[in-house]
1. What about residue 140, is it of a type in the set (Asp, Glu), in contact with a Leu (Cβ under 8 Å, 6 or more places away or on another chain) and within 26 Å of residue 30 (Cβ to Cβ)?
2. Pick from the range 102-137 the residues that are part of a helix (DSSP H, G or I), among the hydrophobic types (A, V, I, L, M, F, W, C) and within 14 Å of the chain's Cα centre (by Cα): which of them is modelled with the lowest pLDDT?
3. Report those strands (runs of 3 or more DSSP E) wholly inside the range 213-311 carrying at least 1 residues which are in contact with a helix residue (DSSP H, G or I) (Cβ under 9 Å, 6 or more places away or on another chain) and either at pLDDT 65 or above or within 24 Å of residue 113 (Cβ to Cβ) (or both).
4. Would you point out the residue of the range 10-35, among those that are in a loop (DSSP other than H, G, I, E, B) and modelled with pLDDT under 90, that is surrounded by the most Cβ atoms within 10 Å (Cβ to Cβ)?
5. Return the pair list, or none, for Cβ contacts closer than 8 Å from residues in the range 216-231 that are in contact (Cβ under 8 Å) with a residue 60 or more places away in the chain and within 16 Å of residue 190 (Cβ to Cβ) to residues that are among the aromatic types (Phe, Trp, Tyr) and surrounded by 16 or more Cβ atoms within 10 Å (Cβ to Cβ), at least 6 apart or on different chains.
6. With the structure loaded, tell me whether residue 201 is in contact with a helix residue (DSSP H, G or I) (Cβ under 6 Å, 6 or more places away or on another chain), under 18 Å from residue 118 (Cα atoms) and crowded, with 22+ Cβ neighbours inside 10 Å or whether it fails that test.
Amino acid sequence: MVGCMNMHLSRLDKRRDFCAFICNTVQIDICAVTETKFKKGQGEEKMKEVIDEEIYMWLNKERAKQRSRGGEGGVGFLVRKSAGQVQIEKVSNLFDILWIRVQVEEEILFLAAVYMSPVNTTRDTDAAEFLLELSDDILEFRKRGKVIVMGDLNSRVGNRPSGFFLNDRHYEFARESDDVDLSKGVRRQGRRLLELMDANRMVILNGIDGGGEFTCIHRNKGASMIDYIIMSYDLLLYNPELEREEEVGRDYKHKIVQKQTVNLLEPKEEKPNKIIYNRQSMKVWTEYSSNISDHRLVTCELVIPEQNTKQ
């Protein structure tokens, strides 16, 4: 099982509650944690106070320049050691983006923990520059393995579908979300995120296979869906077509393509012998995580055929 949650971990009681929930109740394998609020250089030592180091490891990136006494930003991964061979692959110099590489048997996954500050705030994140770096990372890592991006992107996609072109076909994933009351400005930022992911053949899972509930319920700002699990297409399609070299730079406006709507809720194909998303496993944890954060834990499962297990 993999997932993500926005959780402030600078306080000891919050760390204890989080680890009890994630490690004991959920028993997650890989969790991306966003807005950890650890001071520079403190995250690893503070997490050692609350995790069982024989079972889990903590990998993190603290935000370098912090103005708040309570801490700002920061991302990390809580990883079960049995999940595979794990190492940090890239740490962004500018933004809260942390990439890890996980090797399971012969397959390689690249996972990102990401946190983007809300647009139009006084914080120092430039949304366009953030998304540009994330896009470049995805493009590079997709050449070397399968890609998963998880975290709080402070962008609301509502009910807009995900979709991408592959060879002579356009794949579309319809979305059903509770988060539909969006202003024009909010819709613009969500559309920017969707367009970037579509261009990289990455699919935002929330709402296309369940999990369309609100992921953040703020007592002052209201409810929204902003914490996402996003996967490369080769984790979703059981038998994806190979990308052809001529796909690069193709202008689909002047070419007839076949449209295919993908319904993950009605899996009919036989599962391939490779790491794949376990359909109908997307979940927003409303029953427990509301007690420790105004954000909800979002999870899904991966099928690991070599081990005959779900992760």
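1. The answer is no for residue 140.
2. Among residues in the range 102-137 that are part of a helix (DSSP H, G or I), among the hydrophobic types (A, V, I, L, M, F, W, C) and within 14 Å of the chain's Cα centre (by Cα), the one modelled with the lowest pLDDT is 131.
3. Output list reads 216-218, 222-224, 227-232, 283-285, 297-300, 302-304.
4. Selected residue: 10.
5. Qualifying pairs under 8 Å: 224/214; 225/214.
6. The answer is no for residue 201.
The values are calculated or read from the model by the stated rules, or taken from the named source; none is laboratory data. It should be emphasised that the depicted structure is a prediction, and the values quoted were computed from it without experimental measurement. We place every Cβ from the backbone using ideal geometry, glycine too, and count neighbours over all the protein chains shown.
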